[in-house]
Every structure is written in C-alpha cells, then in structure tokens.
Amino acid sequence: MQERATRIVYAAGLLLVGITGASSLSGQSLTTYGTPGLIEMPTAEVMNDGELAVTASAFGPNFRYTAAFQVLPRVYGSFRYSKISNIGPSTARLGGDTFDRSFDIHFQMLDETKYRPAVAVGLRDFLGTGILSSEYVVATKSFGSNIEVTGGMGWGRLAGRGSFSNPLSIFSDKFDTRNKGSNTGGQLETGNWFRGEAALFGGVKWKINDKATFFAEYSPDLYTRESVNTGIDIASPLNFGLEYRFKNGVNLKGFVVGGKEVGAQLSYVINPAKRRVPGGLENAPRSVGQRNRLAIADWNNSEKGGGKDAVQRVLKSRLAADGLALQGFTMSGTQATVRVENDRWDVEAQAAGRAARVMAETLPPEIEELTVVFQSNGMPISRIVTQRSDLEELQFDYDGSWRTLARADIEDAHDESRLGELEDAFPVFETSFGPYIATSFFDPDSPLRADLGVQLKLAYRPTAGLTFAGQFRYPLVGNIADSDRVSNSLIEPVRTNAVRYAQQSDLEINNLTAEYMFRPGKDLFGRVSAGYLESMFGGVSAELLWYPTSSRLALGAEINYVKQRDFDMLFGFQSYDVVTGHASAYYDFGNGFFGQLDVGRYLAGDYGATVSIDREFNNGFKIGGYFTLTDVPFDTFGEGSFDKGLRVEIPLSWLTGKPSRTTVSQKIQPITRDGGARLIVENRLYGVVRDYRGKELSDGWARYLR
Amino acid sequence: MITRVLASFLALALLGACSSADRLVDRGIAIATNDPGQKPLPKGQFPPRFAALVADTSVPLMVVTVESRGQSGRLLLENTVNGIETWLSADMSALMIQNGMLQGTRGVGSELFAADISEPIGLILSGSTGYTDRFHSNLTGDDKISTRTYRCLVENKGPTVINLETGSIPTRVMTEDCKSLDQSFTNTYWVSSNTGAIVQARQWAGSELGYIKTQDGIR
C-alpha cells in the first residue's frame, strides 16, 4: 500500500510513543530486555497478538533499546541494540565500550488454566555475539487478579549465582559445556543452547492499582563479564522495581538491580491493529441516488450545452476533489468507464468506492454499469464493475460492505484500450520538493547517524507507461560522512563503501531513469528501466510479473546489467560491472502473513536466495523480516555472517487519520555487508500491482462505502 | 545518556497527551514525510461543498453536541435518499439520520458505519412500549466491519415541554434501553406532540464517541 516510502530518523516505534495519544494497554510489563517479565527475569507471559512494544532501559553500564513483536498468539520475537560502557579496558577501541545487536525469541507452550501455570521457553540473544545470551524455561501463575508468581530455570547468563550441573546432561554429556564467543556473530548459536550449568530464578509481580505495579525477583545473573571493568556491583540476588503507567499508555519503571544498581526504563505497547482514528477523518462521501435531479443537471442537458464533454469536465473535477486523477472516460448505452490514477487513498477499495460514487452522482440517469479502472503510471491494472442501483440500494445498508462486494466484479484490465483517453491526461509533469532525512545505524562510534537536507523529485510522463524520473538530494547538515568506517570487505565492496559515497558527494543524483511499464498479456506485467537506478549502481533492468487478479500467488523474474557508480554520485561509473537478477515467488498466506522468495545472483556476483516474511495488518501497518544466504562463506562475509534485517512500515493515515499513500518505513539491518546485496530499483512490479489485485481490494472492502 | 533518553521519551509522552500538540505533531509528520496532504482552508472559509449549503437559506439546520468532546456544531441537510438524511458539518464529517434517529456517522473519528433501526422506529414514533432489536456495524481500527445486535426496551416516559431554537415544543419522551453481550446504552428521544416527529434526541454513537445530542435548529 505504498508508493512513496519515506525514511524517518527515529526508529518508527519511538516516534509512535509521542503521537499515539490513546492508550492501547495490554496489561504487560516489560523487562530491561524489553520483553514481558519482571525486572530482568522473563515470565511465561506473552503480549496480545500483534502488539509491538518498544523499551529503553538503563542501569549501571547497561543501556538497552528493544522492539518486541508478538508475531503469533504464542510467539514473540525481539530485536535489541545495547551498549555496555567500559566492559573492556579503557585503552581498547571505543574506550572499552561494546555495542551489540541481539535477537530473542519466546514460545508459550501452555496457557494458564485454573490450576496450571502458563509455561514458556525462550532464547535471549540467540543470533548475536552472545554477550547477553541465555535460555530459559519458565512458568507463571496468577493468584487473583493482582498477584503473579513466576519460577524458572535458566542457562547461560541466567546460570550465575547458585548454579548447578545441567539437568539435561542425563540426555547427553554435550549439555555439560558451553562455549564462549565462537563465531563472528549472526549465526545460530545452536551449539550452546541449554548448555553448561543451570540455575533457578523467580519472582513476584503485584499490581497495586491500575497505575502502579511492584516487582520483586531473584536473579542468578552475576554480571561476571561486566564486573571486571565496569564497576557494576551485584551484591544481592534480589531486584526490586516499581512501574507507573501514564494515562497515555507510557510506562515508567524504576528499579534496583543487585541491591546497588539503580536504573530506569520507559516502554510503550502499540497495537498496530488499531488505527489512531478508527474509520478516519476524511470527508463524508456524497450520498447517491437522486437520478431525476441529475437528469436536469446542466452537464447532462443538451439544451444547456451538456453532453459527453461537459460530463467529462464535471467528472474530472469531482474525481480530482477526491484525490483521483481521471485519465480516460468512455460512455455508451448504459455503461460508463473511468480510468483513474489513485493519488490519495491508502485503502484502494475505498478509492474504487469513491470513484463509483462520483460517477453515480454525475452521470446521466440511464447509465447503470459503472466501471473503474485503476492505472499506475498510465498502466492499467484492474477494473471494478459496480451496478449503480446496487450502490444506491446498499450505501446505508448495515451489511453494505459485504453485500456490495458480493455484487461487484473485479477483473484484470490487461485488455483496456486507450479509447477515450483525455487529451490532457498526458504528458504528466510531477515535482516535489521538500526535506529528507537519511539515517545510518549501528556505527559503534555513533550508533545513530543522520543527514538532513533538501530533496527534489521530478517525473515526466509523455505517454501512458513511459516515465522519466529523477531524485536529487543536497545534504545540509549531518554526520554520516564523519564516519571513519572504511570497507574491509573480502568480496567486491558493493555496499560497504557507503561512507565514501557520503564523503565524496555534494549534490547527489540518487536516481535518474527512463522507465516503461506495460501489459504484455493477460495477468502479465512488464517493466524496463534504464539509467542511474540507485545511488551506487546504474544500468538497465527488466522485469516480468505474472499475477492473476484473484490469485494468492504471484511469480516474477528480473534481470539487470549494472555498473558501479562513482563516489561523487554524479554521472561517472567505476570499472565494476555485474549481471544480477532474481526469480521471485510472492505468496499471501492469509491472516495477514505474506511471504516472498527471491532466488538469483546478487550485486557482488554471489548466488543465493532471500526469504522474507511480513505480517501486514489489514490497515496496512506492516512488520517483517528477511534473511539472505548466498555462496559467500560466513567467514568471508564478515561480521554478522549473512545479511538479515527487520522492517516496519506504517501508513501515514494510521498515524494522522487522513488518507494518504505515504508510508513511514524503516528497515533495520544489524549490519550492512556486501554479500547478499540486492540492486535497488524503483517500482518493482509486485509492489505496484498488488494493492489493486483482487485479494487486496476485497480485504479493504470494509472501506468501500466510506 | 539516561537523562537524554528520558527527556526525549517524556517530551514525546507529553505531546501525546495534548490535542493541540497532536496537531503540531501531525504537521511535523506531514513535513518530515513530505506528504502533500490536504491543505487546510483559510480561517472562516468553508469548503465548496458546505458553502453551497450555507448559501441556500432554505436548507434545514440541526444543532449537534458530542458530549464526550464537549463539542457542538451546526449541521446542514445535504440530501435525503431512501429516507436517510445526510447532515453535513463544516469539517465535512456527516451524520446519517433516519426519522430523527442516528443511522450512521462519517468522519467523526469513530465509525458507526450503519445501523438497522427499522424495528425501534415504529415503537418510538407511535409512543408504544415494547422490545425490539437493532443492528450496528462499525468500521474498526483494522479496517474491518464488526456487526452487533442489541436487544432494546422502548418505553414511553410521558409528556414534557422543551425549549429549542424553534420555540417551546410539547413533546413525549421515549427511551430506548439497549444491551448486547458487551455493551449497553440508553437513547432518549423527544417526539413533538404537534408534528409527531423527533425534534430532539440523545443517542449513542459507539464506545469511542459516546452520546450525541441532536436538536432542530433554525438558520
């Protein structure tokens, strides 16, 4: 549901804390690790399905920033960026500070029942360098509505004080030993899970009232590695905390760890399934059904100069008022068709409904069949056929959404001709000028780097499907170029020279392309692009997508020949060139889960595949992740071992309540290396087409009459 | 570092609490994301669709108060289709009214998408007491329609005289006490003894918006 994705300096979640005024509480308390639990210890609890929690905590030398997502009703995962000050000697790099990215996963095996506690198993930092690594099995039982008691067994970090030999050793001697820091990070540390000594932990949570909650826990974590240089003092296994919940849903927690280390944390739980303003604040649609009044309207009255041209003028201005650009119009017998480009509505079914309403509110009374064709860059995608009398009958029906969907037809628009194309439909000239923010994460010297500048976007479309477009940026302030990180890549440095691009450029030509989108046949879409495709590469790109309108599955193929661009981001090229491309399969699993598999050759010439999974809420809020494995060995790849990342995309309308096709999106890659790097091309077809295919349109149909 | 984190978090939290700051944040987002959005009109100027109704002095007017927000406004009748009136507000939100009863809302921030009130209408207008069903469909925050059925007791509470802009009017007070599994509300209607039409009502528009009061008004 996006056309213009914009990057925002804040991790999107943090931004939400400020603007989501209404609280969406889950009754969850989060630990310093940002996952449900007590102070540091996990409980067997989970959040409500789909919830997203963001937490920042600090005590002693530890600073942890976590986003946790309830992926499935029983499973949550989290991503954390953490800093430990002075863990190494002060003479070491970065003054001994260490920065770490880590992932957790938690699985609730059993729900709580009247007599049985909830039971869960979890892994903390199972993919990182392992400083925070631990595993646990935990049980939590509530007594009344205000008290919860938790007890569990932990390994790794959680096997400090009072540890004993691993009970799992009865299965195999292998469970006796746990290795430390064995790889470059990023690999699954399966060889260490539930290994080494174990220890018990436990605690109590007491909900004092709706606003305040008290915690007490027994923690076996001795902070052994930290205590050498950081001075953290764990004098006692008992930790205590008090949490206060503000009216707007923000949680503030103060706590004492180990008897002496005082800390604080802030957290917020977001429910993506709830727009900030349910239903939205956009204008009420006009009601339809007064055909007799339309019969005498000036534009339908030939005696007053009415006729098709006059109708078209009225139609065009009314569609424009609803954010729809009219590109073609035909009317004959009892049938009329509009071809429109949707510039406003993030829910495409709503755009279809608005267009049909404008037709029903404008066209002469004898027209009965209303066809709306959606075009993107002038390429027809799908058409929706509605009977005017159905709209009139069902617009106020309490089951109108289902009933109109049942009576509408959604068809492929490959055979749509350019008959009736408006004379002024082409050429189209679009410009946008405004600020931009570019970000760079996780540089240990400065974990959040950003550039702020101005951006100019131009597009010229002389005819349907053919677009010349460019994006130019001029950074005004920022510190991305201040980084001293140089590429230490063992393979072709296709991405790790980002800092050199920032340093050696002034005015940036981010892209400057010619692009042609077309319909080669039924259910088929084509795209050819050439020019400066992205900031670091230029060349030619061709893509074909097969996507039947009612299908959950789409298949695509893309081939590119590109050359690496000069660091000044102007017109020159370096010597490196490569043929890269992928075969892709896209699948809508239902329940909001979308999968994508891309197999092919990446920018550095490596062969492999990318697996992506997104959970997309019906309102367009999207959280997902991906990983790429290629024939570049983990050691050669470098830190992180392979490419992986998380992404969040929030429709602007989710935040503001006003319809918009703009989204706020952020991709988080723990580390950017050169293996598994994919070419960036604007307008990959699946993203352009999906929103207007049958599945997406019917998913959004609740807003058809909105 | 902790103080910095706390300060920025708290600043954001405070912004979240205040509605004018909300608008500021909205504008901030619009600028930061370079979203063209819809430009607000200059103060005192109506959008053309509403201005057309203002210009026609024969268009009926209704006074509306949203209790939970302490907001009130004057809505104009845009049109009537199949017995359902669309009353438009200057901010382009609208109420759908059928025989004086709330049938739907649009753009008020929480959506009563449509209601089937064919059963209670009869009892309320005729002044009878009895049980009826009513059906509501709401547009949820996840863009899905959720429908509920309410079982309602309609009762005649006797006559009273109310003062409206249109004058002092003798009315009959009708209440409609509704319950579903998880929600309950009581609507009150004042039916004119002169015309037999509802001239004032206090009706529930959903859990987020609460009660809306509507009254006949004059231009």
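The values are calculated or read from the model by the stated rules, or taken from the named source; none is laboratory data. It should be emphasised that the depicted structure is a prediction, and the values quoted were computed from it without experimental measurement. Backbone-built Cβ (ideal geometry, glycine too); neighbour counts: all protein chains shown.
Scanning region A:549-567 for residues that are free of Cβ contacts under 8 Å to residues at least 40 places away in the same chain and either among the β-branched types (V, I, T) or surrounded by 20 or more Cβ atoms within 10 Å (Cβ to Cβ) (or both) returns A:I559, A:R565. On the stretch given as region A:277-295, residues that are more than 8 Å from chain B (Cβ to nearest Cβ) and either surrounded by 21 or more Cβ atoms within 10 Å (Cβ to Cβ) or among the small types (G, A, S) (or both) total 1.
Cβ-Cβ contacts under 7 Å between residues 6 or more apart (or on different chains), taken from a first residue in region A:417-439 that is more than 25 Å from A:M331 (Cβ to Cβ) to a second residue that is of a type in the set (D, E) and surrounded by 14 or more Cβ atoms within 10 Å (Cβ to Cβ), are listed as A:A438/A:D451. Candidates are the residues of region A:495-517 that are surrounded by fewer than 20 Cβ atoms within 10 Å (Cβ to Cβ) and either at positive phi or in a helix (DSSP H, G or I) (or both); the one that is farthest from the chain's Cα centre (by Cα) is A:Q504.
Note on region A:633-653: among residues that are outside any strand (DSSP E or B) and in contact with a strand residue (DSSP E or B) (Cβ under 9 Å, 6 or more places away or on another chain), the one that is surrounded by the fewest Cβ atoms within 10 Å (Cβ to Cβ) is A:F642. Of everything in region B:140-154 that is more than 14 Å from chain A (Cβ to nearest Cβ) and farther than 29 Å from B:R74 by Cα, the residue that is surrounded by the most Cβ atoms within 10 Å (Cβ to Cβ) is B:C152.
Residues of region A:225-265 that are more than 14 Å from chain B (Cβ to nearest Cβ) and of a type in the set (G, A, S): A:S227, A:G231, A:A235, A:S236, A:G241, A:G258, A:G259.
With respect to A:D399, determine if the residue is within 14 Å of chain B (Cβ to nearest Cβ), without any contact (Cβ under 8 Å) to a residue 40 or more places away in the chain and crowded, with 17+ Cβ neighbours inside 10 Å. No. Candidates in region B:79-90 are the residues that are within 8 Å of another protein chain (Cβ to nearest Cβ) and surrounded by fewer than 19 Cβ atoms within 10 Å (Cβ to Cβ); of these, the one that is modelled with the highest pLDDT is B:I84.
A quick yes/no check of all residues on (1) touching a residue at least 60 places away in the same chain (Cβ under 8 Å); (2) closer than 21 Å to A:R684 by Cβ:
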| position | (1), (2) |
| --- | --- |
| A:R473 | no, no |
| A:V477 | no, no |
| A:N488 | yes, no |
| A:R500 | yes, no |
| A:G521 | yes, yes |
| A:L524 | yes, yes |
| A:G539 | no, yes |
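With respect to the conditions (1) of a type in the set (F, W, Y); (2) surrounded by 21 or more Cβ atoms within 10 Å (Cβ to Cβ); (3) under 23 Å from A:I234 (Cβ atoms), A:F69 falls short on a single one, namely (3). Residues that are at pLDDT below 90, within 24 Å of A:T549 (Cα to Cα) and surrounded by fewer than 22 Cβ atoms within 10 Å (Cβ to Cβ) do not occur anywhere in region A:594-611. With the structure loaded, tell me whether B:D133 is assigned to a strand (DSSP E or B), in contact with a helix residue (DSSP H, G or I) (Cβ under 7 Å, 6 or more places away or on another chain) and surrounded by fewer than 19 Cβ atoms within 10 Å (Cβ to Cβ) or whether it fails that test. Yes: the conditions hold for B:D133.
Being of a type in the set (F, W, Y), over 30 Å from B:D91 (Cα atoms), within 14 Å of another protein chain (Cβ to nearest Cβ) and buried (at least 19 other Cβ atoms within 10 Å of the Cβ): is that true of A:Y268 here? So A:Y268 fits the description; yes.
Counting only strands (runs of 3 or more DSSP E) that sit wholly inside region A:132-234, those with at least 1 residues that are under 30 Å from A:S641 (Cβ atoms) are A:134-143, A:147-156, A:198-207.
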